[in-house]
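Worksheet: one structure, shown below.
Readers should treat all values here as calculations from the given coordinates under stated rules, not as data from a laboratory. All values reported here derive from a predicted model rather than from experimental measurement. Cβ sites come from the backbone with ideal geometry, for glycine too, and all protein chains shown count toward neighbours.
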Amino acid sequence: MKAVLSSTIAVFLVGAVVRAQAGDPVAVRDRVHEALDALLAAKPLAGARVGVVVLEPKTGEVLAESRPDEGFLTASNMKLISSAVALEVLGPDYVFETKLVGRGTWYRNGTFDGDLVLVGSGDPTLGATYFEKSGSTAPFVRMAAALETRGVRKIEGRVLGDDSCQPDEVMGLGWDWSYHADWYAAQVGGLCFNENCIDVIFEGTAAGRPPLVRLEPETGFVTIQNRVQCLTPSKGVRPSGVTWARTLGGNEITLTGSLAVDTRGKRDWGSVHNPTAFAATVLRETLVRQGIPVTGAAGDTDEVAEPPQGEEMEMYVHRSPPLRRIVHALNKRSQNLYAEQLPRAAARARGGDGSMASARKVARQELERLGVDTSRLVLADGSGLSRLDMVSPRQIATLLDGMRSSPHFEIYFDSLPVAGVDGTLRRRFPEGNAARGRVHAKTGYVSRTVALSGYVPRNDCEPLVFSILINDFLGASSGVQAAVDAFVGKLCTALP
């Protein structure tokens, strides 16, 4: 009898193993639940609100969930919505066009009597060195060359920026004003340049002395108070890095902190006030450097006493990279300005005024078309920097699932950081984690918020979809991220 019983148990156990290895749905579900239990019990998450949905796309079955329909701050998981909406509305081959037009009279002696106007289209990439490898002013150098080709040798007038394609909203709804000098809170607008930031490059000098600084682009648009000190690192003495402060509504920048004496070519950057005037100023400065004198000042068409007059002549058209490349940069780099500008462009394409209110309307329409219930959705901004955003794990998981049926899914999927490999996941998912090199997912972080949502690819099968939103933890974010990474790694091992 014992022999028969032992044989029966052995057969049962072998059968269970075979079912698990073959991807038996019950076994997979059990392992996913075990992984979720471990996440919820992780010490760094003590006292936190944890929202999770793990979705099987083939059947629509939810394999595991925690607070699936509660609203959470999403941080940069909001970019999953912004990039999806942009791809669906504008298409991957869409390009922005920024035009240089002359308003005045051109004379055969090479003088243009009137104003040059840089007309924005909401392109967030104009002068972005991620795309312009020869420097932020490369588009303006090309504009100068185009003017020379037309025979223009002198501008008897001003250089103005026109941002009227979208309203002046400056910052996202619900953004903390203490962010105003930081690159990640760069002002939005119809005319952008160098991601609406100024770069500062530092060169170390001697201990107790300030480092040398230079600006990129080189411009008089901002003033720099350099209060950074160089020091010689030693045991117990380490450089603090650089802290930025900028006058609210102005461009007086104060730099404080410390750097090592051997610092070479360290680059830091912060936002500017009025990107439109910034673009016009740097364009004017570039024209002068390229040998085209400009007698008038630079400015924003919204702020000048006398608007441009005279016949309009198109001098040059700058075209952005195609949207597929912009979305790739948006999600890999988690670039907030891109995430703010693209939904506004989508709204304009649908007849809206380019405000965030019009962008919300279009975003809701697209989300509903993709199967997302938007009844309890709060979209305050496009980047997730706002603390007024409110999205549930189920809404994000449903979006990710819906995008699988989009003709643009491959572009969307490839734009997401790869665990342990690139983008904002490059330094996460250590060796040995099964998700490393496999999972494509979007990160998210603001104070007391960590998010990660994306796809787990599988052999000969649709990718598994997951969304993890964690709010209100009290410990270090690094511990929360490590627990999330461990959970996603277990998801990978739970699947066939």
Practice task
Pull out the extension gain between Glu314 and Thr105, defined as 0.36 nm times the separation in residues minus the alpha carbon to alpha carbon distance; nm, one decimal.
Solution key: 74.0 nm
Fill in the blank from the handout: From DSSP H assignment alone, runs of 4+ in the chain each adding -39500 (n - 2.57), the sum over residues rounded to the nearest 500 puts [θ] at 222 nm at -10000 deg cm²/dmol
Problem - Extended-chain gain in nm, criterion 0.36 nm per residue less alpha-carbon gap, Lys43 and Asp93 - result: 13.4 nm
Completion exercise
Sorted by chain and then number, the residues having a modelled amide H within less than 5 Å of the amide H of Arg458, at least 5 places away or on another chain, are Leu464
Fill in the blank from the handout: Other residues with Cβ under 11 Å from the Cβ of Thr232 give, with Lys and Arg +1 and Asp and Glu -1, a net charge of 0
Completion exercise
Taking Cα atoms, the helix 2-21 axis meets the longest principal axis of the chain at an angle in degrees (rounded to 10) of 10
Exercise for the section: Would you kindly state how much longer the chain becomes between Thr254 and Ser478 on full extension, computed as 0.36 nm times their sequence separation minus their alpha carbon distance, in nm to one decimal? Expected result: 77.6 nm
Handout entry: Around Leu100: net Lys/Arg minus Asp/Glu count, Cβ-Cβ under 10 Å
Key = +1
Problem - Label point distance in nm, Asn226-Arg369, each placed 7 Å from Cα along Cα→Cβ - result: 5.2
Handout entry: Which listed pairs, of Lys442/Lys490; Lys133/Lys266; Lys99/Lys154; Lys43/Lys490; Lys99/Lys361, have C-alpha distances above 21 Å, in listed order
Key = Lys99/Lys361
Problem - Selection from Thr449, Val439, Phe466, by position along the positive dipole direction of region 367-496 (Cβ) - result: Thr449
Exercise for the section: Could you tell me which of rounded, prolate or oblate describes region 293-375, using a ≥ b ≥ c as the square roots of the eigenvalues of the alpha-carbon gyration tensor, with rounded for a/c under 1.5 and, failing that, prolate when a/b is larger than b/c and oblate otherwise? Expected result: prolate
Exercise for the section: Taking every pair of alpha-carbon atoms in region 187-271, give the share separated by more than 15 Å as a whole percent. Expected result: 59
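Using a Förster distance of 56 angstrom, determine the FRET efficiency expected from the C-beta separation of Asp30 and Thr247, and round it to 0.05.
0.45
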Problem - Sparse-neighbourhood loop sites, trypsin sites (Lys or Arg not before Pro) in region 133-232 - DSSP loop, at most 11 other Cβ within 10 angstrom - result: Lys133
Exercise for the section: Go ahead and collect, in residue order, the members of region 255-278 whose backbone nitrogen is under 18 Å from a label point 7 Å along the Cα-Cβ direction of Ala297. Expected result: 273-278
Handout entry: Karplus (6.51, -1.76, 1.60) ³J(HN,Hα), θ = phi - 60°, over region 176-183, in Hz, Gly and Pro reported as x
Key = 6, 5, 5, 7, 4, 8, 7, 4
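Between Ser178 and Lys235, what FRET efficiency comes out of the Förster formula 1/(1 + (r/R0)^6) with R0 = 30 Å and r the beta carbon distance, rounded to 0.05? Don't skip to the answer; put the middle values down first.
On the way: r = 34 Å, r/R0 = 1.13.
The pair Lys235/Ser178 has a calculated efficiency of 0.30.
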Practice task
Could you tell me how many degrees, from 0 to 90 and to the nearest 10, lie between the Cα long axis of helix 477-494 and the main elongation axis, the longest principal axis, of the Cα atoms of the chain?
Solution key: 50
Handout entry: HN-Hα J in Hz across region 194-205 - Karplus 6.51, -1.76, 1.60, θ = phi - 60°, x for Gly and Pro
Key = 6, 6, 6, 10, 10, 9, 10, 10, 9, 10, x, 10
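Kirkwood hydrodynamic radius of the chain from all distinct Cα pairs, in Å? Don't jump to the answer; show the numbers that get you there.
On the way: mean 1/r = 0.0402 Å⁻¹.
After inverting the mean inverse Cα-Cα distance, the result is 24.9 Å.
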Completion exercise
Taking only the alpha carbons of region 358-496, the radius of gyration and the largest Cα-Cα distance, Dmax, both in angstrom, are 15.2, 46
Handout entry: Residue-by-residue Karplus 3J(HN,Hα) for region 391-407, coefficients 6.51, -1.76, 1.60, Hz, glycine and proline x
Key = 9, 9, x, 5, 5, 5, 4, 5, 4, 4, 5, x, 5, 4, 8, 6, x
